[in-house]
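The values are calculated or read from the model by the stated rules, or taken from the named source; none is laboratory data. Source: prediction; values computed, not measured. Glycine also receives a Cβ, built like all others from the backbone with ideal geometry; neighbour counts cover every protein chain displayed. Surface areas here come from the heavy atoms of the whole protein model, side chains and all, with no ligands, DNA or RNA. Shrake-Rupley method; radii C 1.70, N 1.55, O 1.52, S 1.80 Å.
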Amino acid sequence: MRVRKKVSFKLYLITDRRVVRNGDLLSACECSLAMARDIAQPGTVALQLREKDLPARELLELALRLREICSRNGALLIVNDRVDVAIAADADGVHLPFDSIGVSMARKLLPEDRVIGVSTHSPPDVAGAAREGADFAVFGPVFDPISKTATGSPWGPAGLAAACRAGAIPVFALGGITPERARAILGNSDSPAGVAAIGAIFGAESPAGATAAMLTALDGVTARPQ
């Protein structure tokens with residue numbers, strides 16, 4: 001039986017080039033991860049490449065550039081859905097949408113040491129991801145999203161706590177996460193392992209400054225041991 005790979009990051013950045021104010025996603029990622037490198041321990045941040053509308057060639061080219069940026073700044077690179085692109089770019093793992101190929105199939109395709117995350121939208125989803133052998137889950141929306149329209153009603157802190165209790169895997173809170181909300185939802189017995197962010201970082205006037213503020217908030221509390 002496979003032992004789950006330990007997930008040690010606390011901030012999970014998810015790309016969306018459409019919300020970057022100057023349109024330069026690579027620069028935003030570089031600035032954010034360089035800031036994280038300067039103020040946090042290596043491995044504190046992971047970056048998910050989630051540009052679902054890009055053709056395969058463009059997505060791979062972007063993944064290869066981000067691989068360099070992540071390696072230079074001590075961050076994990078995780079590719080959304082596209083296991084083939086993750087393998088070709090030597091990414092550290094994949095993130096599977098809830099309706100994707102499934103953890104067991106992805107595990108057969110990926111090198112043994114790669115991590116697999118799963119998107120979840122209810123506590124039972126988290127329990128299912130744990131049973132399937134996912135290394136971590138992203139749960140949301142917890143609050144109304146900053147960068148896009150919510151696909152369902154926000155779960156709020158109580159729903160997040162229920163999701164964290166549902167399965168023995170790290171859970172990352174997604175949807176409307178600000179530094180203030182990060183402080184509020186972390187530091188108790190039903191806390192997530194960390195937070196995930198799209199618009200709060202990449203839609204900010206200064207992605208580096210937003211990253212620093214979020215990491216400062218996360219460093220000020222103690223997340224639930226995983």
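How many Å² of accessible area per residue for the chain, probe 1.4 Å? Walk me through the intermediate numbers first.
On the way: 10100 Å² over 226 residues.
Result: 45 Å² per residue.
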Q. When the accessible area of the stretch 1-104 is split by element with a 1.4 Å probe, what percent falls to carbon and sulfur?
A. 51
Q) Can you give the direction-averaged projected area of the convex hull of the alpha-carbon atoms in the stretch 95-173, in nm²? A) 5.2
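Nearest 5 is fine: what % of DSSP beta bridges in the chain come out antiparallel, could you say? All intermediate terms of the calculation are to be shown ahead of the outcome.
On the way: 0 of 27 bridges.
Taking every DSSP beta bridge within the chain, about 0 percent pair in antiparallel fashion.
Within the chain, how many Lys pairs that are eight or more residues apart, or on different chains, come under 25 Å at the alpha-carbon? Kindly include the intermediate steps, with their values, before the conclusion.
On the way: Lys5/Lys108; Lys6/Lys108; Lys10/Lys52; Lys10/Lys148; Lys52/Lys108; Lys52/Lys148.
Qualifying lysine pairs in the chain: 6.
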**Q.** the chain: Rg to Rh, with Rh as the Kirkwood radius over Cα pairs
**A.** 0.93
Q: Set the Förster distance to 35 Å, then compute FRET efficiency between Ile87 and Ser122 from the Cβ-Cβ distance, nearest 0.05.
A: 0.70
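Work out the length of the dipole vector of the chain about its Cα centre, built from +1 on the beta-carbon of each Lys and Arg and -1 on the beta-carbon of each Asp and Glu, and round it to the nearest 20 debye. Spell out each step's value before the answer.
Working: 25 positive and 24 negative charges, 86 e Å.
My answer is approximately 420 debye.
Can you tell me the length gained on complete extension of the stretch Lys108 to Arg37, counting 0.36 nm per residue apart and subtracting the Cα distance? Walk me through the intermediate numbers first.
Numbers: separation 71, 0.36 × 71 = 25.56 nm, distance 3.24 nm.
The span from Lys108 to Arg37 would gain 22.3 nm if fully extended.
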(Q) Can you compute the modelled spin-label distance between Arg18 and Glu61, with each label point 7 Å from Cα toward Cβ, in nm? (A) 2.1
Q. Which of rounded, prolate, oblate describes the stretch 46-152, given a ≥ b ≥ c as roots of the alpha-carbon gyration tensor eigenvalues and a/c under 1.5 marking rounded, otherwise prolate only if a/b is larger than b/c?
A. oblate
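Check each of the trypsin sites (Lys or Arg not before Pro) in the stretch 120-214 and keep only those in coil by DSSP with at most 16 other C-beta atoms within 10 angstrom; list them in order.
Passing sites in the stretch 120-214 are Lys148.
Relative contact order, percent, of the chain when contacts are C-alpha pairs under 8 Å separated by at least 6 residues? Could you put the intermediate results ahead of the total?
Details: 472 pairs, mean separation 48.2, N = 226.
Taking the mean separation of contacting Cα pairs over the length of the chain, I get 21 percent.
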